[in-house]
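*Asks:* Below is a structure I'd like to ask you about.
The values are calculated or read from the model by the stated rules, or taken from the named source; none is laboratory data. Everything numeric here is computed off the predicted structure, so don't read it as measured data. With ideal geometry, Cβ positions are generated from the backbone for all residues, glycine too; neighbour counts draw on all protein chains shown.
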Amino acid sequence: MENRQIADIFTEIADILDIKGDNPFRIRSYRNAARSVGDMSENVAAMAREGKDLEQIPGIGTSIAEKIKEIVSTGRLEFLDELRAGLPRGLTELLKIEGLGPKKVKLFYDNLKIDTVDKLEAAAREGKLRELFRMGDKSEENLIKAIARYRTGQGRFKLSVAFEYAQSIINYLKRSKGVRAIEAAGSLRRRRETVGDLDILAICAGGTDIMDRFVEYDGIEEVLAKGTTKSSARLACGLQVDVRVLPGESFGAALQYFTGSKEHNIALRTRAVERKLKISEYGVFKGERCLAGRREEEVYAAVGLPLIAPELRENHGEIEAAGKGKLPKLIELSDVRGDLQMHTTATDGKESVLDMALKARELGYDYIAITEHSKAVKVARGLDEKRLAKHLKAIEKIQEKITGLRILKGVEVDILPDGSLDLDDAILKECDVVIGAIHYRFNLSEKEMTRRIIRGISNRHLNIFGHPTGRLILERPSYEVDIEELIRAAKDCGVALEINAHPDRLDLRDVHVRLARDQGVKLVISTDAHSTQNLEFMRYGVFTARRGWAEAEDVLNTLPLDKLLRALKK
DNA sequence: GCCGTTTTCGGCCCGACTGTTTTCAGTCG
């Protein structure tokens, strides 16, 4: 059983209790438990079966631990069944509609027996909702719009997409009167792989026109709210953008607050309360007196902590680590000295080996590896042994034409369904870098897939396992694989795991990076570039590595060339 | 329902905006 399934059960419990108007703190406990389990890299069901102490998991106490055991052993939870019996199933779905919370869902259900999105829409269109307590025609109108958005399923956006919108809006807003500083906060600043909305913070002098200017931004489809300190709008692409204006003396506190995550902030504020302080988006206060707020560092310092990098702010142990001076020294983009996966016109890349090399040199790299597909990847015209041999010779020729950059001879060889490799050892031996990867037959059972991969990476010529889970963000889930067993096997085989930096992949993902790192498995960050432009994806891989607490020394392609080559040897 | 280096009971983060009111509940982040 996946952690996600267990988390979903607790979320449903929280939703139902919410609608019933239960104790809000009890509800929060279930939501915390859902998040905690959902974010775990270790399989909770397996932990339960092995008799491990579930109460060690943050947010899990006696009662919820018991419920997890029940779910794992019976596949059901009596408590949830009882809760469900009292309410129609569609009610919790209504909570997903923006602007609809538990109170209104209950109001609509109690008065009009509304328990589906369709019934809600019909009631709104017929003007029946406006007769209810504290409802009006405006509320109905907004609900109809929110239902339309819910139906088109606009949710989260890939980090790279959100990044580009944020940059464009910030450049536009910078030209407003009186803007002194402007920065994006939120999950974008934490570099989460997907972003739900943009939070843009600005310091402005008096008489600013930033909000007037913001609502005129030509990508905006609908203005949701407009005030002097906060405005919200939805772009045509569906992305919501919040802009907040703050006084300079609060900017650090606001940046801290709006960067989140919510869970990190709750933990930080709790720490403040223990010190008789209060943290809000305006500063750190002792009674009425403001102790800090201008800079983010001051906010953390006020509660006795060093600055915590935004990528770590998930309440995944970073506050404890900071308190003990044990924060990792996170890898930086400038630590990366080369890129170890890319494709050229020899297979499905768009540009030549020389063009890729020149661009890489421009980026300041010491080395790259050219790693074409093997023959199993037919759509990419993958190379067989003979064509690869010729290609390796061609790379040597091109190396003669370029100085200041080493072009490593590589290949991305497919691991076939039986775990054998798609190319003979004799040719793999000629390569400086051999990446193993999976590109087809994703539908094996977890057991078969894990066995396939472990057999594949056991090949003595294989150095790196590429895009280890095969997922495409928001498009395709990972194939089924026992990631912990895979990580152990990578360690045993001396194989590095790739953080594929392509913004559609980011694979390994953050929590698995951390798990691998904790086990002492080496990582590489590669762009999987299919064009010179794609080489700039490296930053997304570095973001992911940082979210996984990785330091430069965990990542092989921060090494100088000679050390890298030694490290790749098995 | 969870949690604890002052605690096993009594807390649990904090503020802005909307839409409905004429002082505030609900929702969001």
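*Asks:* Can you pull out every residue in the stretch A:185-199 that is closer than 14 Å to residue A:161 by Cα and out of contact with any Phe, Trp or Tyr (no Cβ under 8 Å at 6 or more places or on another chain)?
*Replies:* Residues satisfying the conditions are A:187, A:189, A:192, A:193, A:197.
*Asks:* While we're here: Just to be sure, is residue A:184 within 20 Å of residue A:309 (Cβ to Cβ), among the hydrophobic types (A, V, I, L, M, F, W, C) and in contact (Cβ under 8 Å) with a residue 24 or more places away in the chain?
*Replies:* Answer is no for this residue.
*Asks:* Would you confirm whether or not the stretch A:475-491 contains a residue that is at positive phi and either surrounded by 22 or more Cβ atoms within 10 Å (Cβ to Cβ) or modelled with pLDDT of 95 or more (or both)?
*Replies:* Within the stretch A:475-491, none of the residues are at positive phi and either surrounded by 22 or more Cβ atoms within 10 Å (Cβ to Cβ) or modelled with pLDDT of 95 or more (or both).
*Asks:* Hey, can you tell me all the residues within the stretch A:212-231 that are within 10 Å of DNA strand B (Cβ to nearest atom) and more than 30 Å from residue A:302 (Cβ to Cβ)?
*Replies:* Answer for the stretch A:212-231, where residues must be within 10 Å of DNA strand B (Cβ to nearest atom) and more than 30 Å from residue A:302 (Cβ to Cβ): A:223, A:224, A:225, A:226.
*Asks:* Taking the stretch A:273-282 as the search range and keeping residues that are surrounded by fewer than 20 Cβ atoms within 10 Å (Cβ to Cβ) and touching a residue at least 12 places away in the same chain (Cβ under 8 Å), which one is nearest to DNA strand B (Cβ to nearest atom)?
*Replies:* A:280
Table: residues versus (1) assigned to a helix (DSSP H, G or I); (2) in contact (Cβ under 8 Å) with a residue 12 or more places away in the chain; (3) buried (at least 22 other Cβ atoms within 10 Å of the Cβ).
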{"site": "A:516", "(1), (2), (3)": "yes, yes, yes"}
{"site": "A:525", "(1), (2), (3)": "no, yes, yes"}
{"site": "A:536", "(1), (2), (3)": "yes, yes, no"}
{"site": "A:539", "(1), (2), (3)": "yes, yes, no"}
{"site": "A:542", "(1), (2), (3)": "yes, yes, yes"}
{"site": "A:562", "(1), (2), (3)": "yes, no, no"}
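*Asks:* Also, quick follow-up: Being in contact with a Lys or Arg (Cβ under 6 Å, 6 or more places away or on another chain), near DNA strand B (Cβ under 10 Å from one of its atoms) and farther than 15 Å from residue A:183 by Cα is the filter here; which residues of the stretch A:236-271 pass it?
*Replies:* A:240, A:261
*Asks:* Next question, about the same structure. Suppose we keep only residues that are surrounded by 17 or more Cβ atoms within 10 Å (Cβ to Cβ), away from DNA strand B (no atom under 15 Å from the Cβ) and among the aliphatic types (A, V, I, L, M) within the stretch A:172-195. Which one would you say is nearest to residue A:544 (Cα to Cα)?
*Replies:* A:182
*Asks:* Among the listed residues A:383, A:340, A:358, identify the single one that is within 22 Å of residue A:534 (Cβ to Cβ), surrounded by fewer than 18 Cβ atoms within 10 Å (Cβ to Cβ) and either at pLDDT 95 or above or of a type in the set (Phe, Trp, Tyr) (or both).
*Replies:* Residue meeting the stated conditions: A:358.
*Asks:* Continuing with this model, one more query. Which count do you get for residues in the stretch A:359-373 that are within 15 Å of residue A:560 (Cβ to Cβ) and among the acidic types (Asp, Glu)?
*Replies:* The qualifying residues number 1.
*Asks:* On to the next question. In the stretch A:127-158, how many residues are out of contact with any Ser or Thr (no Cβ under 9 Å at 6 or more places or on another chain), within 11 Å of DNA strand B (Cβ to nearest atom) and among the basic types (Lys, Arg)?
*Replies:* Count: 3.
*Asks:* Every residue in the stretch A:519-556 that is touching a Phe, Trp or Tyr at 6+ places or on another chain (Cβ under 8 Å) and under 30 Å from residue A:43 (Cα atoms), please.
*Replies:* Listed by number, the residues that qualify are A:527, A:528.
*Asks:* Let me ask something else about it. Would you mind telling me which numbered condition in (1) in contact (Cβ under 8 Å) with a residue 60 or more places away in the chain; (2) part of a loop (DSSP other than H, G, I, E, B) residue A:356 fails?
*Replies:* With (1) in contact (Cβ under 8 Å) with a residue 60 or more places away in the chain; (2) part of a loop (DSSP other than H, G, I, E, B) applied to residue A:356, the lone miss is (2).
*Asks:* Between a first residue in the stretch A:83-106 that is touching a residue at least 12 places away in the same chain (Cβ under 8 Å) and a second residue that is hydroxyl-bearing (Ser, Thr, Tyr) and assigned to a loop (DSSP other than H, G, I, E, B), which pairs have beta carbons less than 7 Å apart while being 6 or more apart in sequence or on different chains?
*Replies:* Filtered contacts from the stretch A:83-106: A:90/A:116.
*Asks:* Another question about this same structure. Go through (1) surrounded by fewer than 19 Cβ atoms within 10 Å (Cβ to Cβ); (2) at pLDDT below 90; (3) not β-branched (Val, Ile, Thr) one by one and return the number of the condition residue A:35 breaks.
*Replies:* (1) is the only condition that residue A:35 fails.
*Asks:* When you scan the stretch A:141-148, do you find a residue that is touching a Gly at 6+ places or on another chain (Cβ under 8 Å) and of a type in the set (S, T, N, Q), even just one?
*Replies:* Yes, because at least one residue in the stretch A:141-148 is touching a Gly at 6+ places or on another chain (Cβ under 8 Å) and of a type in the set (S, T, N, Q).
*Asks:* Could you please give the count of residues in the stretch A:40-57 that are touching a residue at least 24 places away in the same chain (Cβ under 8 Å) and surrounded by fewer than 17 Cβ atoms within 10 Å (Cβ to Cβ)?
*Replies:* Qualifying residue count, the stretch A:40-57: 1.
*Asks:* Another question, if that's okay. Residues that are of a type in the set (Ser, Thr, Tyr), surrounded by fewer than 13 Cβ atoms within 10 Å (Cβ to Cβ) and part of a helix (DSSP H, G or I): does the stretch A:152-159 have at least one?
*Replies:* Looking through the stretch A:152-159, at least one residue is of a type in the set (Ser, Thr, Tyr), surrounded by fewer than 13 Cβ atoms within 10 Å (Cβ to Cβ) and part of a helix (DSSP H, G or I).
Each row is one residue, and each column tells you yes or no for (1) of a type in the set (D, E, K, R); (2) within 23 Å of the chain's Cα centre (by Cα); (3) modelled with pLDDT of 85 or more.
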site	(1), (2), (3)
A:223	no, no, yes
A:229	no, no, yes
A:246	no, no, yes
A:262	yes, yes, yes
A:269	yes, no, yes
A:272	no, no, yes
